[in-house]
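See structure below.
The values are calculated or read from the model by the stated rules, or taken from the named source; none is laboratory data. Computed from a prediction, not measured in an experiment: that's the story for all the values here. Here the Cβ positions follow ideal geometry from the backbone for every residue, glycine too, while neighbour counts run over all protein chains shown.
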Amino acid sequence: MKKLVLLGGGYGNMRALHRLLPNNLPEDVTITLIDRVPYHCLKTEYYALAAGTVSDQEVRVPFPEHPRLELKYGEITNIDLENKLVHLAEDEPVAYDDLIIGLGCEDKYHNIPGAKEYTHSIQNIGKARETYQTLNNLPANSVVSIVGGGLSGVELASELRESREDLVIKLFDRGKIILSAFPERVSRYVQNWFQTNGVEVINGANITRVEDRTLFNHDEPVHSDVIVWTAGIQPNRIVRDMDVEKDKQNRVVLTKYHNIPVDEHVYVVGDCASLPYAPSAQLAEGQADQIVQVLQKRWSGQELPEELPTIKLKGVLGSLGKKQGFGLMAERAITGRIARILKSGILWMYKYHNG
Ligand SMILES: Cc1cc2nc3c(=O)[nH]c(=O)nc-3n(C[C@H](O)[C@H](O)[C@H](O)COP(=O)(O)OP(=O)(O)OC[C@H]3O[C@@H](n4cnc5c(N)ncnc54)[C@H](O)[C@@H]3O)c2cc1C
């Protein structure tokens with residue numbers, strides 16, 4: 001029997017599982033999935049979990065079941081490429097024949113003193129839960145500062161606004177205008193929403209230091225009862241520690257078949273992979289589709305195509321609370337209620353197909 005080991009049950013590896021199971025897994029292959037948590041987490045909804053507008057159970061999806069799928073729960077500590085072993089904190093090492101590394105990302109603090117120690121995070125489920133508790137235990141009129149006006153910072157600020165009208169919410173963003181990666185019309189729409197709904201947006205921010213309950217913007221102190229960091233990501237520490245070629249963002253450089261150049265049995269999916277697009281759940285899924293196609297061909301000894309097709313991305317959608325949204329679909333900017341309905345619809349479909 002050949003053993004395929006999946007590290008991390010996030011969007012990438014969940015898609016790989018659903019492409020292989022129940023009927024497309026060759027008879028001589030078994031799968032072991034290893035994750036620290038016993039369910040697939042809907043990371044794209046962590047902003048709502050942290051704001052307290054959805055329950056914990058709503059961001060969990062069960063892993064599939066299959067006689068040749070072993071689910072192993074534990075903390076992965078490192079990957080030994082030479083001996084084909086995955087090391088766990090409190091369990092025996094797991095051997096693999098083929099490996100898909102899909103361990104997602106962590107916050108990046110850009111060497112800003114105090115940022116790691118004094119800010120909250122929504123980058124993994126445990127941290128998002130802690131952030132939820134801290135935010136929702138705050139007394140009235142407390143000040144919450146969110147650093148980073150990208151998609152997750154915007155979604156968190158708006159959701160928290162709807163969840164807690166009494167809080168003072170400040171959103172610090174480096175750019176001249178929020179969501180600088182989006183068309184200006186979208187940025188202006190979002191900035192107006194914040195103005196109308198009483199979220200203070202601080203453009204052109206430069207956070208130079210963080211201390212307990214204090215943020216320094218251009219070295220000026222800003223008192224904040226809670227600070228949430230949404231200002232950058234980097235691949236999981238385990239991947240950063242791997243002795244393989246990486247790009248400037250520390251993501252693993254891959255061949256066109258998504259395996260590392262020195263080993264055709266080791267694939268990297270999702271936020272840890274160096275791909276010509278910004279990391280996203282959608283990208284992780286598109287890449288996982290291709291990895292499964294490559295695996296199936298390699299398992300059955302078929303020749304691989306000269307080139308794999310370009311991964312098709314449908315666009316990006318963001319929420320502004322429960323009623324409004326924004327996004328880019330097929331390169332067209334959309335704002336308002338329709339964007340929010342589309343986003344909810346996509347989440348519903350995802351749960352329907354994966355739950
Ligand atoms: C607030 C927010 C909103 C977002 N919105 C969108 C959106 O609208 N659309 C979109 O496409 N993308 C969105 N994203 C990005 C998207 O969530 C990620 O790109 C996607 O989750 C990456 O998938 P992945 O498979 O690489 O890893 P993940 O989905 O992050 O999964 C990684 C898995 O690895 C496990 N793991 C990590 N380390 C260990 C360890 N040491 N031991 C054991 N297990 C471990 C984790 O438990 C997790 O299950 C959003 C992100 C955030 C934070």
Inside the range 1-37, the number of residues satisfying the requirement of being part of a strand (DSSP E or B), under 18 Å from the mean Cα position of the chain (by Cα) and free of Cβ contacts under 8 Å to residues at least 60 places away in the same chain is 1
For this session: Might you let me know whether the range 280-299 holds any residue that is at pLDDT below 95, touching a helix residue (DSSP H, G or I) at 6+ places or on another chain (Cβ under 9 Å) and within 14 Å of the ligand (Cβ to nearest atom)?
Result: no
If you go through Y96, Y39, the only one that is more than 12 Å from the ligand (Cβ to nearest atom) and within 22 Å of H18 (Cα to Cα) is Y96
By residue number, the members of the range 290-310 that are farther than 17 Å from I31 by Cβ and buried (at least 16 other Cβ atoms within 10 Å of the Cβ) are Q290, L308
Screening L317, L328, L275, L342 for residues that are within 12 Å of the ligand (Cβ to nearest atom) and either exposed (fewer than 13 other Cβ atoms within 10 Å of the Cβ) or in a helix (DSSP H, G or I) (or both) leaves only L342
* Determine if the range 193-206 includes at least one residue that is farther than 18 Å from L317 by Cβ, out of contact with any strand residue (DSSP E or B) (no Cβ under 6 Å at 6 or more places or on another chain), without any contact (Cβ under 8 Å) to a residue 12 or more places away in the chain and not β-branched (V, I, T). => yes
For the range 309-340 the number of residues that are over 20 Å from N192 (Cβ atoms) and either in contact with a Ser or Thr (Cβ under 8 Å, 6 or more places away or on another chain) or of a type in the set (A, V, I, L, M, F, W, C) (or both) is 4
Q) Quick one: would you say K323 is within 13 Å of the ligand (Cβ to nearest atom), among the basic types (K, R), touching a helix residue (DSSP H, G or I) at 6+ places or on another chain (Cβ under 8 Å) and outside the structural domain of N206 (by the TED database)? A) no
The condition of being under 19 Å from the mean Cα position of the chain (by Cα), polar (S, T, N, Q) and buried (at least 19 other Cβ atoms within 10 Å of the Cβ) holds, among N259, N236, only for N236
When every residue in the range 165-191 that is free of Cβ contacts under 8 Å to residues at least 40 places away in the same chain and among the hydroxyl-bearing types (S, T, Y) is compared, the one surrounded by the fewest Cβ atoms within 10 Å (Cβ to Cβ) is S180
Matching residues in the range 267-289 (under 22 Å from L21 (Cβ atoms) and of a type in the set (S, T, N, Q)) number 2
Here the residues within the range 44-93 that are within 13 Å of the ligand (Cβ to nearest atom), in contact with a helix residue (DSSP H, G or I) (Cβ under 8 Å, 6 or more places away or on another chain) and under 30 Å from K297 (Cα atoms) are V61, F63, I76, N78, I79
Of the residues in the range 217-256, those that are part of a loop (DSSP other than H, G, I, E, B), within 30 Å of Q293 (Cβ to Cβ) and within 12 Å of the ligand (Cβ to nearest atom) number 3
Filtering strands (runs of 3 or more DSSP E) wholly in the range 137-216 for at least 2 residues that are more than 25 Å from the chain's Cα centre (by Cα), at pLDDT 95 or above and of a type in the set (D, E, K, R) gives 207-211
One residue is enough: does the range 17-35 have a residue meeting the conditions surrounded by fewer than 21 Cβ atoms within 10 Å (Cβ to Cβ), modelled with pLDDT of 95 or more and within 9 Å of the ligand (Cβ to nearest atom)? no
A140 vs (1) closer than 21 Å to D225 by Cβ; (2) touching a residue at least 40 places away in the same chain (Cβ under 8 Å); (3) hydrophobic (A, V, I, L, M, F, W, C): all pass except (2)
Among (1) at pLDDT 95 or above; (2) more than 19 Å from the chain's Cα centre (by Cα), E331 falls short only on (1)
